[in-house]
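S.K.: First, the structure itself, so that you have it in front of you.
The values are calculated or read from the model by the stated rules, or taken from the named source; none is laboratory data. Everything quoted here is computed from the prediction, not taken from an experiment. Heads up, the Cβs are rebuilt from the backbone with ideal geometry, glycines too, and the neighbour counts pull from every protein chain shown.
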Amino acid sequence: MRPDAPAPKDRTGAAVPLIFPWRGQPRAGFTALLPIALATLAFAFLLGLVRVKVSAPQFKMANKASWIQLPASGDGVSWALRAQEGGPLLARYEPSDWPAYAAMAAEVLQATRIPPRAYVAELRGLPPEALPEPQVLADRGAAVLPRRAPVIAARHDLAECKLAPQLYPLSAVGAAGLPQQLPPFVGVVDAATEWRFLLRLNPAGGVADAVALTKAAGAAATAEPLIEAWLRRVSFDPKLAAGGGWLAVGIQFNNQPIDGTDPH
């Protein structure tokens with residue numbers, strides 16, 4: 001607090017005396033540090049009086065033991081057995097202490113041992129094999145390899161073929177809904193051209209209208225009326241006409257024998 005601060009007063013307004021003159025006149029610096037120096041010296045003196053000694057505890061084992069002598073009589077054997085059974089290491093029967101153990105173990109080992117048997121390979125005769133004869137070197141200008149007679153196969157005359165149309169489905173009708181028997185086709189077409197038609201069926205399963213889906217040009221345009229006339233002679237299943245009678249099919253031409261011997 002500042003030295004010129006007013007002194008505290010009680011309820012009656014009288015000045016309250018202070019125990020220490022904290023609000024006295026300013027003092028010299030050495031006078032202010034004197035109490036701090038005295039307190040520091042007192043603390044250092046008391047700290048020097050306190051001594052704490054920390055050391056690890058030392059354990060000492062007693063160098064002594066107990067020795068008990070038992071008589072060689074039956075009582076001594078009984079006492080020794082009772083002491084052994086009461087301790088941590090119990091007594092047990094060792095088969096090797098039995099006098100007949102060694103002879104019995106040898107007999108068991110001999111009975112279970114498989115006698116070694118030497119392997120002798122059995123030789124079997126091989127079938128006779130004709131070895132190639134040594135080849136004689138050919139003279140100059142002679143043939144090196146032996147002459148081989150050419151194999152002449154019998155010649156089969158192919159039957160006369162013609163172009164026959166085949167149908168394949170382009171809609172959801174599937175191959176099972178197409179007719180198996182097709183009418184013969186009369187005319188000349190290009191076998192490399194594939195045709196696609198949109199057909200409208202009548203209630204009897206016949207083709208009422210045929211609309212070409214492929215644009216034909218040149219020689220193929222002349223064959224389009226022939227294919228449309230052939231489609232009108234094809235008979236489909238009448239069930240296909242129940243849903244409106246519209247279906248899309250494709251037509252391709254393959255060579256077929258005239259006599260029907262090779263139907264592929």
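S.K.: Can you go through Leu226, Leu213 and tell me which one is at pLDDT 80 or above and out of contact with any Lys or Arg (no Cβ under 6 Å at 6 or more places or on another chain)?
M.R.: Values: Leu213 fails: out of contact with any Lys or Arg (no Cβ under 6 Å at 6 or more places or on another chain).
Only one candidate passes the filter, namely Leu226.
S.K.: Whether any residue in the range 171-189 is more than 15 Å from Phe253 (Cα to Cα) and modelled with pLDDT of 85 or more is what I want to check.
M.R.: The answer is no; no qualifying residue exists.
S.K.: Mind counting the residues in the range 49-98 that are among the charged types (D, E, K, R) and not in a loop (DSSP other than H, G, I, E, B)? Steps first, answer last, please.
M.R.: First, pick out the residues of the range 49-98 that are among the charged types (D, E, K, R): 51, 53, 60, 64, 75, 82, 85, 92, 94, 97.
If we keep only those that are not in a loop (DSSP other than H, G, I, E, B) too, we end up with 75, 82, 85, 97.
Residues in the range 49-98 being among the charged types (D, E, K, R) and not in a loop (DSSP other than H, G, I, E, B): 4 in total.
S.K.: Okay, moving on. Of all residues in the range 64-108, count the ones that are surrounded by 10 or more Cβ atoms within 10 Å (Cβ to Cβ) and either basic (Lys, Arg) or at positive phi (or both).
M.R.: 1
This table checks each residue for (1) surrounded by fewer than 10 Cβ atoms within 10 Å (Cβ to Cβ); (2) outside any loop (DSSP other than H, G, I, E, B).
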{"residue": "Ala111", "(1), (2)": "yes, yes"}
{"residue": "Leu126", "(1), (2)": "yes, no"}
{"residue": "Arg147", "(1), (2)": "yes, no"}
{"residue": "Ile152", "(1), (2)": "yes, no"}
{"residue": "Pro165", "(1), (2)": "no, yes"}
{"residue": "Val173", "(1), (2)": "no, no"}
{"residue": "Leu182", "(1), (2)": "no, no"}
{"residue": "Phe185", "(1), (2)": "no, no"}
{"residue": "Val189", "(1), (2)": "no, no"}
